[in-house]
Amino acid sequence: MALITTLERGDMQRMQLHEAAEARYFEQELDGRKLLQISTFGRPTRDIPGKVSQTIQLNEESAEQLFKILKQHFGFS
């Protein structure tokens with residue numbers, strides 16, 4: 001698990017497409033702060049199907065950063 005507080009652009013020599021995974025998002029307010037949590041779940045063939053695989057949380061600042069990145073990269077308006 002990780003709370004992402006800032007995003008920095010990195011450079012990769014080679015990126016490959018990962019296998020698709022199910023994900024769910026959760027909205028929460030904690031101590032007056034809004035959080036968005038995204039949890040992914042492993043393949044149905046794993047030892048414990050349906051078990052959370054990875055979780056990230058975004059606070060308002062990091063969510064705004066990601067929003068700007070998505071708009072720029074994908075051309076969202």
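The values are calculated or read from the model by the stated rules, or taken from the named source; none is laboratory data. Remember, it's a predicted structure, so these values are computed and weren't measured experimentally. Note that each Cβ is placed from the backbone with ideal geometry, even for glycine, and that neighbours are counted across all protein chains shown. Heavy atoms of the whole protein, side chains included, go into the accessibility calculation; ligands, DNA and RNA do not. Shrake-Rupley method; radii C 1.70, N 1.55, O 1.52, S 1.80 Å.
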* Give me the pairs: first residue in the range 14-27 and in contact (Cβ under 8 Å) with a residue 12 or more places away in the chain, second residue outside any strand (DSSP E or B) and open to solvent by less than 100 Å² (accessible area, probe 1.4 Å), beta-carbon distance under 9 Å, and six or more apart or on different chains, which are they? -> ALA21/GLY42; GLU22/GLY42; GLU22/GLY50
* To do: Filter the range 25-77 down to residues that are among the charged types (D, E, K, R), over 19 Å from ALA2 (Cα atoms) and either open to solvent by 100 Å² or more (accessible area, probe 1.4 Å) or touching a strand residue (DSSP E or B) at 6+ places or on another chain (Cβ under 6 Å) (or both), then give me how many there are.
  => 3
* Answer with yes or no whether GLY10 is free of Cβ contacts under 8 Å to residues at least 24 places away in the same chain, open to solvent by less than 70 Å² (accessible area, probe 1.4 Å), at negative phi and not in a strand (DSSP E or B). => yes
* Near pairs, Cβ below 9 angstrom, 6+ apart or cross-chain, from the range 59-75 (within 19 Å of LEU30 (Cβ to Cβ) and without any contact (Cβ under 8 Å) to a residue 60 or more places away in the chain) to any residue that is open to solvent by 100 Å² or more (accessible area, probe 1.4 Å) and not small (Gly, Ala, Ser) -> ASN59/ARG33; ASN59/LYS34; GLU60/ARG33; GLU60/LYS34; ALA63/LYS34
* To do: Return yes when ILE4 is in contact with a helix residue (DSSP H, G or I) (Cβ under 9 Å, 6 or more places away or on another chain) and among the β-branched types (Val, Ile, Thr) and no when it is not.
  => yes
